[in-house]
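Participant: Take this structure, written in structure tokens, and hold onto it; I'll ask about it next.
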Amino acid sequence: MKIALLQESEINADMEKQLAGLFRQLNADIKQIDLKQVLDPENPISLVYCIDNDKVLGMALMCTYTVISGIKGWVEDVVVDVEHRGQGIGRKLMEKLVELGKENGLTEILLFSADKRIEAINLYKSLGFKEKESRIYVLKTEALIKKN
């Protein structure tokens with residue numbers, strides 16, 4: 001089993017298909033963006049994945065951005081294949097993102113988790129994440145998605 005940062009050179013049809021399948025396990029209702037667009041060099045994102053015998057077992061992404069209050073990371077799309085949960089894969093993926101965040105000088109790593117995702121919340125807390133006293137708001141608009 002290997003945890004690694006996905007490189008653009010590793011993207012092929014099989015990898016795209018496996019990652020798309022994982023994302024559908026997380027949320028089948030959200031339209032996915034093409035993986036090459038996600039990993040565009042101008043998009044500051046890290047995608048870590050777990051692979052074993054050519055099967056992708058999990059993934060987690062973190063985008064980074066700089067604002068007046070610091071250099072931050074935002075974790076998204078953490079998912080482990082349903083058949084491989086409970087084996088510590090999610091922990092290893094998150095530890096890799098935290099390691100990358102520290103290497104890149106992030107001042108804060110943030111994430112959102114739905115209240116119903118109890119196992120995920122317990123994982124994040126065990127890694128030192130604390131609940132922030134704030135609310136998250138969303139405005140969804142297709143016009144904000146870059147079209148190719």
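Participant: Starting from the amide H of I109, placed 1.01 Å from N in the peptide plane, find each other amide H under 5 Å away whose residue is 5 or more places distant or on another chain.
Facilitator: Residues meeting the amide H criterion: G73.
Participant: Which of A28, A60, A114 moves most in a GNM of the chain, Cα contacts under 10 Å?
Facilitator: A114
Participant: Sticking with this structure for a sec: Please give the calculated 222 nm ellipticity per residue for the chain, where each DSSP H segment of at least 4 residues contributes -39500 (n - 2.57) and the sum is spread over every residue; nearest 500 deg cm²/dmol?
Facilitator: When only DSSP H runs of four or more count, the value is -8500 deg cm²/dmol.
Participant: Given the options V138, V82, V38, state which has the largest fluctuation in a GNM of the chain using a 10 Å cut-off (strictly under) for Cα springs.
Facilitator: V138
Participant: Let me ask something additional. For the chain, calculate the relative contact order in percent as a whole number, restricting contacts to Cα pairs under 8 Å that are 6 or more residues apart.
Facilitator: It rounds to 20 percent for the chain.
Participant: Give me the number: length gained by fully extending W74 to D40, i.e. 0.36 nm times residue separation minus the C-alpha to C-alpha distance, one decimal in nm.
Facilitator: In short, 10.5 nm is gained.
Participant: Expressed as a rounded percentage, what relative contact order does the stretch 18-83 have, with Cα pairs under 8 Å and six or more residues apart?
Facilitator: In percent, rounded to a whole number, it is 32.
Participant: Taking all protein chains as present, what is the carbon and sulfur share of the accessible area of the chain, in % to the nearest whole number, probe 1.4 Å?
Facilitator: 51
Participant: Something else: Over the Cα atoms of the stretch 64-147, each weighted equally, I'd like the Debye log10 I(q)/I(0) at q = 0.17, 0.20, 0.21 Å⁻¹, rounded to two decimals.
Facilitator: Results for the stretch 64-147 at q = 0.17, 0.20, 0.21 Å⁻¹ read -0.86, -1.10, -1.16.
Participant: Return one whole number: the accessible area per residue of the chain in Å², for a 1.4 Å probe.
Facilitator: Accessible area per residue, the chain: 68 Å².
Participant: Here's a follow-up. Select from the stretch 1-108 those GluC sites (Glu not before Pro) which occupy a DSSP coil region and have at most 12 other Cβ atoms within 10 Å, ordered by residue number.
Facilitator: Sparse-neighbourhood loop GluC sites (Glu not before Pro): E42.
Participant: Considering only DSSP states other than H, G, I, E and B, which chymotrypsin sites (Phe, Trp or Tyr not before Pro) in the stretch 62-148 qualify as loop sites with at most 12 other Cβ atoms within 10 Å?
Facilitator: Answer in residue order: F112, Y137.
Participant: Along Cα→Cβ, 7 Å out, is where each label goes; now give me the distance between the ones at N122 and K17 in nm to one decimal.
Facilitator: Label at N122, label at K17, 3.5 nm between them.
Participant: 7 Å from Cα along Cα→Cβ at both D54 and S113: what's the point-to-point distance in nm?
Facilitator: 3.4
Participant: In terms of Cα to Cα distance under 21 Å, which lysines are near enough to K17, apart from those fewer than 8 places away along the same chain?
Facilitator: In chain and number order, the partners are K2, K31, K36, K55, K147.
Participant: For the stretch 1-135, what is the Kirkwood estimate of the hydrodynamic radius, computed as the reciprocal of the mean inverse distance between distinct Cα atoms, to one decimal in Å?
Facilitator: 15.5
Participant: In the stretch 1-45, which trypsin sites (Lys or Arg not before Pro) are in a loop and have at most 11 other Cβ atoms within 10 Å, using DSSP for the loop call?
Facilitator: Taking the stretch 1-45 and a limit of 11 other Cβ atoms within 10 Å, the loop trypsin sites (Lys or Arg not before Pro) found are K31.
Participant: Using 0.36 nm times the number of residues separating L26 and A4, minus their current alpha carbon distance, what extension gain do you get?
Facilitator: 5.9 nm
The values are calculated or read from the model by the stated rules, or taken from the named source; none is laboratory data. Treat the numbers as computed from the prediction; the structure is a model and nothing was measured. Quick reminder, even Gly has a Cβ in these numbers, built from the backbone with ideal geometry, and neighbours come from all protein chains shown. Surface accessibility is based on the protein's heavy atoms, side chains included, excluding ligands, DNA and RNA. Shrake-Rupley method; radii C 1.70, N 1.55, O 1.52, S 1.80 Å.
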